[in-house]
Amino acid sequence: MRLLKTEKVAFLLVGGANTVFSTLLFIGLDLLFGRHVPSFVVLGTAWLISLVAVFFVYRKLVFRVSGHVLADLGRFATVNLTALLVNMVLLFVASDMLGAPRIPAQIVITCATVFINYFGHKYFSFRRKPSPEPGPVPSAGSKKEDEA
């Protein structure tokens, strides 16, 4: 149970569940809309639904932060938007230009964008400044003053 409480394991579990959810959502929307809707519309719709659904899960279960909800959401959206834009470009090239089937292409691209999300959320989205550690209090007659 202790392993499940570590941030890295929780990130992988939530990220994995979100990836499965997002991928299934993309597949469902793609099957619903078919080739009549451009890939970026299908991907964007799946992305937006997933973004809202997973933000609070990452916030409470993975990074366990409080305060700064709007700032966190803005940074979270920025990281996810960066990954989405990379995803859109790669999916457009693979599927729309090269003719690769959308669903397998999207699965491969999703694996590549996991790294953007991991480092972005770890070091940007839910970053908190470390608490200052109590250190020695400088005395009135410190060495620097004595040398001057």
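Listing for the model above:
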item	result
Flag if PHE76 is over 27 Å from HIS36 (Cβ atoms) and surrounded by 13 or more Cβ atoms within 10 Å (Cβ to Cβ)	yes
Selection status of ILE109, of a type in the set (A, V, I, L, M, F, W, C), modelled with pLDDT of 80 or more and touching a Leu at 6+ places or on another chain (Cβ under 6 Å)	yes
Residues (among the aromatic types (Phe, Trp, Tyr) and within 17 Å of LEU90 (Cα to Cα)) located in region 22-71	PHE26, PHE40, TRP47
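Each row is one residue, and each column tells you yes or no for (1) modelled with pLDDT under 85; (2) under 11 Å from the mean Cα position of the chain (by Cα); (3) closer than 20 Å to PHE11 by Cβ.
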position: ARG35; (1), (2), (3): yes, no, no
position: VAL69; (1), (2), (3): no, no, yes
position: LEU91; (1), (2), (3): no, no, no
position: TYR118; (1), (2), (3): yes, yes, yes
position: SER125; (1), (2), (3): no, yes, yes
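The values are calculated or read from the model by the stated rules, or taken from the named source; none is laboratory data. Values in this document were obtained by computation on a predicted structure and should not be read as measured data. Backbone-built Cβ (ideal geometry, glycine too); neighbour counts: all protein chains shown.
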